[in-house]
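Nothing in this text is a laboratory measurement; each read-out follows from the coordinates by a stated rule. Everything quoted here is computed from the prediction, not taken from an experiment. Positions of Cβ are generated from backbone atoms using ideal geometry, with glycine treated the same way; all protein chains shown enter the neighbour counts.
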């Protein structure tokens with residue numbers, strides 16, 4: 001009986017000792033040399049669509065392909081635009097020749113032709129004048145009995161018509177020698193510029209028939225197929241930009257004052273906890289918000305938190321969109337030195 005009491009007393013002492021140790025461990029100050037946050041990987045996405053409505057001719061990449069900036073991803077049919085371009089280029093040629101003719105003025109042959117027309121009109125006017133003179137002389141000699149008044153009136157009218165034709169031929173010859181008006185040349189130049197702009201517009205439309213990647217990215221979704229009708233409101237591809245890449249996390253107000261843009265950080269995931277990715281704080285929100293439901297923090301969800309973005313250097317592309325990640329930010333003086341230097345450099 002005494003042995004049982006002694007054993008029970010020893011067991012009670014051991015339980016008491018374990019309780020004291022657990023209490024002291026709970027009261028021990030937490031590790032303040034680093035701040036651990038939980039968040040998710042985030043990247044920018046781009047939806048690419050054609051700027052015109054036309055049938056798709058080619059879709060050159062698939063989901064998961066890595067594309068480079070400027071790489072052609074898809075092509076529209078361009079036969080209609082190419083025919084319109086040929087028509088516009090032909091019109092430009094016509095207008096160029098017309099403008100060239102105006103700038104060169106009248107040819108010597110045209111001036112000679114105008115002079116010949118003046119000479120012919122002058123001869124006709126002289127013949128009509130002489131005819132009037134003969135009729136007037138005959139009428140005077142016969143006291144009006146040899147020539148009827150109607151014949152005399154017709155001869156005088158023909159003389160006036162011939163003189164008018166002579167005046168018109170002389171004016172035409174003068175204009176031929178002077179050449180085209182300045183206004184005519186300016187109008188021809190404006191028409192040529194309009195046709196050239198039409199050619200440039202069609203060339204631009206043909207160039208826009210190629211859908212190009214804006215920068216290095218990964219194809220997330222292929223939304224059209226050859227034969228589909230493309231339009232500006234219907235994306236053809238969705239791209240995930242590989243740079244920049246960051247982890248979106250949230251920090252409470254008590255720890256906010258210990259963080260600054262530029263502070264170094266390390267990011268680890270459940271897939272590779274022993275291979276952290278280097279990063280740095282690139283953004284700290286200036287506006288507080290309630291903790292989103294998807295955020296994992298040790299504080300109550302009703303507490304106000306501030307969003308931070310930890311930019312990561314991930315050349316091996318180990319971090320994927322939406323992947324949960326753990327961020328560890330050293331808070332000692334050694335780790336804070338780079339942040340202070342970056343802050344001074346930005347100032």
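So the values come out like this:
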quantity: Per-bin percent of Cα-Cα distances, segment 134-240 [5 Å]; calculated: 2, 8, 8, 8, 7, 6, 6, 5, 5, 5, 5, 4, 4, 4, 4, 4, 3, 3, 3, 3, 2, 1, 0
quantity: Contour excess over end-to-end distance, with Cα ends at residue 284 and residue 142 and 0.36 nm allotted per residue; calculated: 38.9 nm
quantity: Inter-label distance, nm, simple model (7 Å from Cα along the C-beta direction), residue 174/residue 161; calculated: 2.5
quantity: Alpha-carbon Rg/Rh ratio, for segment 84-203, with Rh computed the Kirkwood way; calculated: 1.37
quantity: Estimated FRET transfer efficiency (residue 316, residue 60; beta-carbon r; R0 30 Å; 0.05); calculated: 0.70
quantity: Segment residue 110-residue 89, length gained on full extension (0.36 nm per residue, minus Cα span); calculated: 4.6 nm
quantity: Contact order relative to length of segment 84-203, as percent, for alpha carbon pairs under 8 angstrom and 6 or more apart; calculated: 49
quantity: Separation of the residue 193 and residue 127 label points, Cα + 7 Å toward Cβ, nm; calculated: 5.1
